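All remarks here apply to the structure that follows.
Read the figures in this text as sums done on the coordinates, not as results from a lab. Not measured: the values here are computed from a predicted model. Positions of Cβ are backbone-derived with ideal geometry, glycine not excepted, and every protein chain shown enters the neighbour counts.
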Amino acid sequence: MPTTWDVLVIGGGVAGLSAAIAARRLGASARLIDSAPQGLRGGNARHARNFRIAHATPNLYAPGAYAVDEFLSELVMTTAGQTDMELAHSLIADTTDVIKWLTANGVSLQNPAIGAIPFSRRTAFLLGGGKAMINALYETAARIGVATDYDSEAKDLRANSDWTWEVEIRNGAATERVHARTIIAASGGPGAEPEWLRAHFGTQAEGLMIRGGAFSDGEWMKKLIETGAQTVGNPSSGHMVAVDARGPKADGGIVTRIAAIPYGLVVDRNAVAVESPGAGSGRTHHARWGARIAQCDGGRAFLILDAVGLNRAPPTALAPILAETIASLANTLGLDRVALARTVEASKQLAGPPFFAFPMRAGLTFVHFGLAVDDRMRVKMRNGRTFATLFAAGMIMVANILPRGYLAGLGITLSVVSGRRAGEAAARHALA
């Protein structure tokens, strides 16, 4: 293994893969290191279904049209105007060829004509989901000569006088020091680090479940902040949705999301009805309920449905808890029987037995916090400088665009376009 690399990519999700592939295709030597084992590679992108893209005319995978300006307008509305407008417009404009770029690099998409997915003019759906996309991109990376290391962590960083870098990489007990002409940080945010969450989310952190990978611990982000990198966003804010509390603590992904809340009654662990004003039943209700459940006592809540509500609900990964009476349901859920009966009667939302329930917690997707970047994905420093050799891509920089809220499919899209842009910029500098 060489000890000097044109481009060193830290993080093995879709942003890191896009960066490494883009750099290698321009002729740069590229090495990608991922802290996860090979079987869990890919970060949060393993759980993806679709990605949002602008397109002026219909294509095979995204019917209708979705203009760049409409895309930007929806982003501005979602973030209440707090997005970096110039950077957002630039990256959204880059999404128009994401389908072409992904498919050229081995990724397969679903044809909406077969009827297996909902109609969407805003997003294209991955055939086989995010894991299939990740596997395809790793195969492409290997074929074109990207070196990849799993179970490897970047532990130390030192800048040379010419602003190249010395990086210490640790794999188990083995330690290696490499020389990198450029570095791309694509290691995600700190959303899976319990200590960090406790420091910034307080008591809510204990009840949170992590929807993505357990390896997104933000350690490399913290290292760059110590080096002088400028931050952006709010470390105490994140995108959350309601998830089944019986799912895994981390890596539950989209299959544990509870989408039936509009069809039933939500109570807390004191059997008191919980409301989320303005949540409604639209696309944003998932996030509104996630934040609301995080505020409940112990970070727990329960969705109770009758047969009509359950029939309206989409399929779930875990079966609902079934009971013939409210009293037996309360016993199963560990709730006060009298209090639950009183709450159900007062709500007048349930027609009668049988009853069904889902225990819920808030599932954290990502934190609205990361590194500030310029339009070339170069990391901004607190002293106002940028270095032509240090870049960031993917969720580690997404707070520049999404300091609050979320748009479906935007995480994958931003990861691809920011990773590709960072990889190309790094390669050009290293080869100049």
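Values computed for the structure shown
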quantity	calculated
Alpha carbon centroid spacing (whole Å) that separates region 335-381 from region 205-262	13
Ranking of Ser347, Ser161, Ser18 by count of other Cβ atoms within 10 Å, fewest first	Ser161, Ser347, Ser18
Extreme residue, positive dipole direction of region 238-363, given options Gln295, Asn331, Pro354 (C-beta unit charges)	Gln295
Listed residue (Gly188, Thr78, Ala372) projecting farthest to the positive dipole end of the chain, Cβ model	Thr78
Relative exposure of Leu303, Leu91, judged by other C-beta atoms within 10 Å (fewest first)	Leu91, Leu303
Rounded tilt (10° steps) of 129-144 against the dominant C-alpha axis of the chain	10
Segment Ala351-Ala113, extension gain: residue separation times 0.36 nm, minus the distance between their alpha carbons	81.9 nm
Of Lys100/Lys222; Lys155/Lys249; Lys222/Lys249; Lys100/Lys155, pairs whose Cα-Cα distance is over 32 Å	Lys100/Lys222; Lys100/Lys155
Region 238-363, relative contact order [Cα under 8 Å, separation at least 6], %	39
Extreme residue, positive dipole direction of the chain, given options Thr203, His179, Asn44 (C-beta unit charges)	Asn44
Amide H contacts of Val373 (H built 1.01 Å from N, under 5 Å, at least 5 apart or other chain)	Lys380
Kirkwood Rh in Å, taken over all unlike Cα pairs in region 238-363	14.3
Net charge of neighbours whose Cβ lies under 11 Å from the Cβ of Arg177, counting Lys and Arg as +1 and Asp and Glu as -1	-1
Tensor-based shape of the chain (alpha-carbon gyration tensor, a/c under 1.5 rounded, otherwise prolate or oblate)	prolate
Proxy reagent accessibility, fewest Cβ within 10 Å first, across Ser73, Ser35, Ser328	Ser73, Ser328, Ser35
Cβ-based net charge around Ala205, under 11 Å, with every Lys or Arg adding one and every Asp or Glu removing one	-2
DSSP-loop chymotrypsin sites (Phe, Trp or Tyr not before Pro) across region 34-119, with at most 15 other Cβ within 10 angstrom	Phe119
